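Since the structure comes first, as structure tokens, the remarks are kept for the end.
The values are calculated or read from the model by the stated rules, or taken from the named source; none is laboratory data. Since we're looking at a predicted model, the values are computed, not measured. Positions of Cβ are backbone-derived with ideal geometry, glycine not excepted, and every protein chain shown enters the neighbour counts.
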Amino acid sequence: MGENTLQSLISWQEWGEEAFRLARSRDVPILLSISAVWCHWCHVMDRTTFADPEVAAQMAARFVPVRVDNDRRPDINARYNMGGWPTVAFLTPEGEILSGGTYMPPAAFLETLQQISDYYREHKAEVASRSAELQTQRKRVQQFALLSVGELTPAIPEQAYALVSEAYDAQYGGFGSALTPKFPQVDALELALARHARRYCTPPVTGQTPPLEIAVKTLQAMAQGGIYDHEVGGFFRYSTTRDWSVPHFEKMLEDNARLLSVYLHAYQITGEPLFRRTAAGIVSYVESTLRDGERGYFYGSQDADEKYYALPKTERDKQEAPFVDRVCYTPWNAMMAMAYLEGAVILERPALADSALATLSFMWQQCWRPGEGMCHFWDGAAGTPSRHPLGGRNLPGLLHDQVWMACALLHAYEYTAAAEHLQRAEQVLQWVHAALATPAGSFQDRPGAVAAPVGQGAEPALGRLSEPEVSMTDNAVAATALIRLGRLRGDKQYEEWARASLSTFVRDYERYGLFAAGYALAVEQLLSEPLRVVVVGSAEDPGRPELLRAAWQTYAANRVLLAVDPEREPERLQTLGYPAQPVPRAYLCVGQICAEPVSEAAQVTATIKRLFQSTS
């Protein structure tokens, strides 16, 4: 049975006040189904469990069924996911969790439905008491966060790298044991590359695997393993085996964007041809399958289909391809735009930069709402297949969207020197600080009451969703963007906002283990001197963009790239302390160590290498 049968058997409600009002009036729990368009087992559960007439009847009699798409509502997923997709979470009418799980076949699900319904009916006083207790506990945790601010020191990235080294799989590359699926942990790989590039900071620690070995072995194993699609390029979401041989077959824009960046960075450092070929393969797949060339954005994902992906390309071309979700998701598009800008230089394909800039322009026009922030997604692809019931731009104000968009805009500014990108990044980050900053200095994942999707009522202030959460990962991205903006603007206030955000996790980051890598990168960026490149020259001078591009050729995890036109920006040039003539010239410094100014692109690359050698 397909989706039409599913829709006819179960009257799914949308997440909103009406569904919870109905649950309260009927005095029954909410059955929250969190699915994803790319999720294989979600489709299986739809075709089997949710298509079973007895299951549908029991759900209608005992619960209010609510359906949520993970990609469209990551804020709901973050609070109610029960360990994977599909998730089924059973909630009180006030939005507190009773129980839940992931995939269940019809017989097991029917048993669960009866158990949860009976428990709720027979233990209402206990359920109400427990719900109140949970709310009190969360408030205490929030109050404790105000007292947990600590000092940022170089020991933080050192300890975080130690956690990465401990988790490293020396036999097969990657991280984790044979008992769990193996995901590409891009932040951990980026931390390893950054530690290698800044190896002069501290001597190697006895017993730790050298960071470059971790990165190279892992990236080689992934590129040569089954997690990479050797027929058409691109990566699948994760490996079900320790040796990377058997993938889980969905392909995500987010994963391919992050992996494109890390393969480009590894190629910059090592010159390994495999890394360049793999990066080019990602681009080839994205261009052929996940790119809307007419509108100028990237699609969200492509479904899993084990039989299809087992075919060679010539045979795939004869088959119907797995479903592609043609929705524009803000953070994933921002990630890919950043990777494309880097690829334009490193792969020597300038057209990638044109695509990236078109994407950022599209998202700004369609998704930026003054006073509300960036929207999470846009779905205006009329006439194209979609499994989503809503259209238009939607869900403004999530921190994740704002910070990745800001990072991408800063990338665009450093690539083009066009002031509009810097101004837009500043608008986004000022909104983040005004709308999402907590008293402790960190940023919550959403405002207290996010505006409802277009054409709908107000967002319900229910259960966990009414209490914004603080994500260390997203705060690290926010801090990274603020640090870059502060250094580009010459405004210390932005760095102080970044410092305040990062300081709230000092006493807590170690419990995240491997997943503290992104936080460590942000701390190291704040505490270390950046590579500062200032290019002085007229915007019309063809030599200026050549110097700018050259600064992207060599790997630098912590770089600030400025272009100044002496005729149009004399005051700025004077503030920076550089002469107006001769031009164009590139001035490069790391801290107090500066090189002689250069006028040719090849000299920029050589100077960057000399600077890092002189500071070692």
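With respect to the conditions (1) assigned by TED's automatic domain parsing to the domain that holds Val477; (2) at pLDDT 95 or above, Gly176 lacks only one, and its number is (2). Among the residues in the range 577-586, are any of a type in the set (Lys, Arg), under 30 Å from His196 (Cβ atoms) and either assigned to a strand (DSSP E or B) or at pLDDT 95 or above (or both)? Scanning the range 577-586 turns up no residue that is of a type in the set (Lys, Arg), under 30 Å from His196 (Cβ atoms) and either assigned to a strand (DSSP E or B) or at pLDDT 95 or above (or both).
For the range 420-451, filtering for residues that are among the aliphatic types (A, V, I, L, M) and modelled with pLDDT of 95 or more leaves 9.
Condition check ((1) farther than 23 Å from Ala417 by Cβ; (2) touching a residue at least 40 places away in the same chain (Cβ under 8 Å); (3) charged (D, E, K, R); (4) in the same structural domain as Glu567 (by TED's automatic domain parsing)) across all residues:
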{"site": "Leu488", "(1), (2), (3), (4)": "no, yes, no, no"}
{"site": "Glu495", "(1), (2), (3), (4)": "no, no, yes, no"}
{"site": "Ala498", "(1), (2), (3), (4)": "yes, no, no, no"}
{"site": "Arg507", "(1), (2), (3), (4)": "yes, yes, yes, no"}
{"site": "Arg511", "(1), (2), (3), (4)": "yes, no, yes, no"}
{"site": "Gly537", "(1), (2), (3), (4)": "no, yes, no, yes"}
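Taking the condition of being surrounded by fewer than 13 Cβ atoms within 10 Å (Cβ to Cβ) and touching a residue at least 24 places away in the same chain (Cβ under 8 Å), how many residues in the range 568-591 meet it? Residues flagged as surrounded by fewer than 13 Cβ atoms within 10 Å (Cβ to Cβ) and touching a residue at least 24 places away in the same chain (Cβ under 8 Å) within the range 568-591 amount to 3.
Here Gly296 fulfils each of the conditions (1) touching a helix residue (DSSP H, G or I) at 6+ places or on another chain (Cβ under 8 Å); (2) within 19 Å of Phe249 (Cα to Cα); (3) not basic (Lys, Arg) apart from (2). When Leu274, Leu260 are checked against the criterion of being closer than 18 Å to Ala353 by Cα and not acidic (Asp, Glu), Leu260 stands alone in meeting it. Taking residues in the range 117-143 that are in the same structural domain as Gly95 (by TED's automatic domain parsing), and partners anywhere that are modelled with pLDDT of 75 or more and assigned to a helix (DSSP H, G or I), the pairs with Cβ atoms closer than 6 Å and at least 6 places apart or on different chains are Ser117/Arg62.
Pairing each residue of the range 426-442 that is on the phi < 0 side of the Ramachandran plot with any residue that is among the aliphatic types (A, V, I, L, M) and surrounded by fewer than 20 Cβ atoms within 10 Å (Cβ to Cβ), provided the two are 6+ apart or on different chains, yields C-beta distances under 7 Å for Pro439/Leu146; Ala440/Ala145; Ala440/Leu146; Ala440/Val149. Looking across the range 415-429, the residues that are surrounded by fewer than 22 Cβ atoms within 10 Å (Cβ to Cβ) and under 13 Å from Ala563 (Cβ atoms) come down to Thr416, Ala417, Ala418, Ala419, Leu422. Scanning the range 252-283 for residues that are closer than 19 Å to Cys328 by Cα and without any contact (Cβ under 8 Å) to a residue 60 or more places away in the chain gives a single hit, Ile282. Being farther than 30 Å from His196 by Cα, touching a helix residue (DSSP H, G or I) at 6+ places or on another chain (Cβ under 8 Å), of a type in the set (A, V, I, L, M) and modelled with pLDDT under 90 holds for only one residue in Val149, Val64, Val127, Val68, and it is Val127.
Among the residues making up the range 507-526, those that are over 19 Å from the mean Cα position of the chain (by Cα) and surrounded by 16 or more Cβ atoms within 10 Å (Cβ to Cβ) are Glu524, Leu526.
Taking the numbered list (1) touching a Ser or Thr at 6+ places or on another chain (Cβ under 8 Å); (2) at pLDDT 95 or above; (3) of a type outside the set (A, V, I, L, M) in turn, Tyr161 passes all entries but (1). Remark: Ser301 falls outside the filter, which requires a residue to be among the small types (Gly, Ala, Ser), surrounded by fewer than 24 Cβ atoms within 10 Å (Cβ to Cβ) and either in contact with a helix residue (DSSP H, G or I) (Cβ under 8 Å, 6 or more places away or on another chain) or touching a residue at least 40 places away in the same chain (Cβ under 8 Å) (or both). Identification of helices (runs of 4 or more DSSP H) wholly contained in the range 245-341 with 2 or more residues that are closer than 28 Å to His376 by Cα yields 253-270, 273-289. Go through (1) modelled with pLDDT of 95 or more; (2) in contact with a strand residue (DSSP E or B) (Cβ under 6 Å, 6 or more places away or on another chain) and name the single condition Val186 misses. Checking Val186 against (1) modelled with pLDDT of 95 or more; (2) in contact with a strand residue (DSSP E or B) (Cβ under 6 Å, 6 or more places away or on another chain), the one that fails is (2).
Name every residue in the range 47-101 that is assigned to a loop (DSSP other than H, G, I, E, B), within 23 Å of Glu250 (Cα to Cα) and not hydrophobic (A, V, I, L, M, F, W, C), in order of residue number. Of everything in the range 47-101, those that are assigned to a loop (DSSP other than H, G, I, E, B), within 23 Å of Glu250 (Cα to Cα) and not hydrophobic (A, V, I, L, M, F, W, C) turn out to be Thr48, Thr49, Asn70, Asp71, Arg72, Arg73, Asn81, Gly83, Gly84, Pro86.
Within the range 452-471, restricting attention to residues that are under 23 Å from the mean Cα position of the chain (by Cα), closer than 25 Å to Arg511 by Cβ and of a type outside the set (D, E, K, R), the residue that is modelled with the lowest pLDDT is Leu465. Scanning the range 472-508 for residues that are of a type in the set (Gly, Ala, Ser) and within 18 Å of Leu576 (Cα to Cα), we see that the one that is modelled with the lowest pLDDT is Gly490. The number of residues in the range 10-40 that are farther than 23 Å from Asp303 by Cβ and assigned to a strand (DSSP E or B) comes to 3.
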